[in-house]
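Scroll down for the structure; my scribbles are underneath it.
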Amino acid sequence: MSGTDAEALARRVMFLVHRDLPREGPGNRESTARALAMVPEIPAAAEVLDIGCGPGRQTLDLAALLPRARVLGVDAHAGFVEDGVRRAARAGVSDRVRFAVGDMRALDVEPGTFDLLWCEGAAYIMGVEAALAAWRPLLKVGGCLAFTDAVWLTDSAPQTLRTWWQSEYPGMRTLESGPVRVTDAGYALCGQFVLPEAAWWDDYYKPMESRLASLRVEMESEPAALAALAEHQREIDYYRRWSDHYGYQFVVARRIV
Ligand SMILES: C[S@@+](CC[C@H](N)C(=O)[O-])C[C@H]1O[C@@H](n2cnc3c(N)ncnc32)[C@H](O)[C@@H]1O
């Protein structure tokens, strides 16, 4: 198989594995609510921007938790934006929850307009430090940013796991780095916590694992596809085995300058 064919296959498998999952990364409504409760003050009719919103699970959770807020979810993938629009219509909140295709590196929004920026599991794509710097001007002074990022919880992870994360997220930092990153970037830390394991399983790895099981049956005559599916399964197996060593940190910070 040529390099181009292998890439096309990996993309096809990725699409089949991730299509219509409840969410596209670790997280749950309890954690979104817990992070929101760390925001010191937020106007009732807040303007909220959810960056890298995926299919919009936390976008809609934010809308439910802030019943008078206007929420805009932005994602680079048009299919997720369409999912978000459908889900907002089903929840009856399309009048105040919108979705748009956009690039987190060049967001087409007015500076100084948001009371709250949200980003679950996506800031790593442009790099957390770059995201903190690029997004701060979008907030009103005193507005808050909440984001999650994968972090090491111990310094004793086995080499196999370290090597895997080195290829997935070479810039992965430790738990202590969250507060330092935000203060270095002109924010004050409001709070932080590590997502519970349920936030990895309930809406993310469990649905993905049952999808993988059915795709293995559908693709049993395609060895290359099975190998690509095994890579997705490996990610889940590593978490099952080594979740003590890494997790997702939620960080909430306030723009002070
Ligand atoms: C790990 S997923 C998290 C999605 C969602 N926040 C969730 O937790 O379900 C990362 C998301 O970032 C989006 N993404 C990737 N590159 C992007 C970019 N340059 N600008 C905006 N979104 C991007 C992906 O399409 C994907 O939906």
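Each reported figure results from applying straightforward, stated rules to the coordinates on display, with no laboratory input. What you are looking at is a predicted structure, and each value in this text was computed from that prediction instead of being measured. Neighbour counts run over all protein chains shown; Cβ positions are idealised from the backbone, glycine included.
Applying 1/(1 + (r/R0)^6) with r as the Cβ-Cβ distance of S2 and A227 and R0 = 25 angstrom yields a FRET efficiency of 0.95. Fewest neighbouring Cβ atoms within 10 Å first, the residues D103, D75, D155 line up as D155, D103, D75. Taking the DSSP beta bridges with both ends in the chain, the antiparallel portion is around 45 percent. Kirkwood's formula applied to the C-alpha pairs of the range 60-167 gives a hydrodynamic radius of 15.8 angstrom. Put in line by how crowded their Cβ is, counting other Cβ atoms within 10 Å and starting with the fewest, C144, C53 read C144, C53. Computed on the Cα trace of the range 1-84, the radius of gyration divided by the Kirkwood hydrodynamic radius gives Rg/Rh = 1.12. Taking a point 7 Å out from the Cα of M172 in the direction of its Cβ, the residues of the range 131-158 whose backbone N falls within less than 11 Å of it are 150-154, 157-158. Taking the chain as the reference, fit the longest principal axis to its C-alpha atoms, fit the long axis of helix 206-218 to the helix C-alpha atoms, and give the angle between the two in degrees, 0 to 90, nearest 10. With both axes taken from Cα atoms, the answer is about 30 degrees. Computed over the chain, the Cα gyration tensor eigenvalues convert (square root of 5λ each) into semi-axes of 31, 22, 16 Å, ordered from largest to smallest. Between A91 and I125, the simple label model (points 7 Å from Cα in the Cβ direction) yields a spacing of 1.9 nm.
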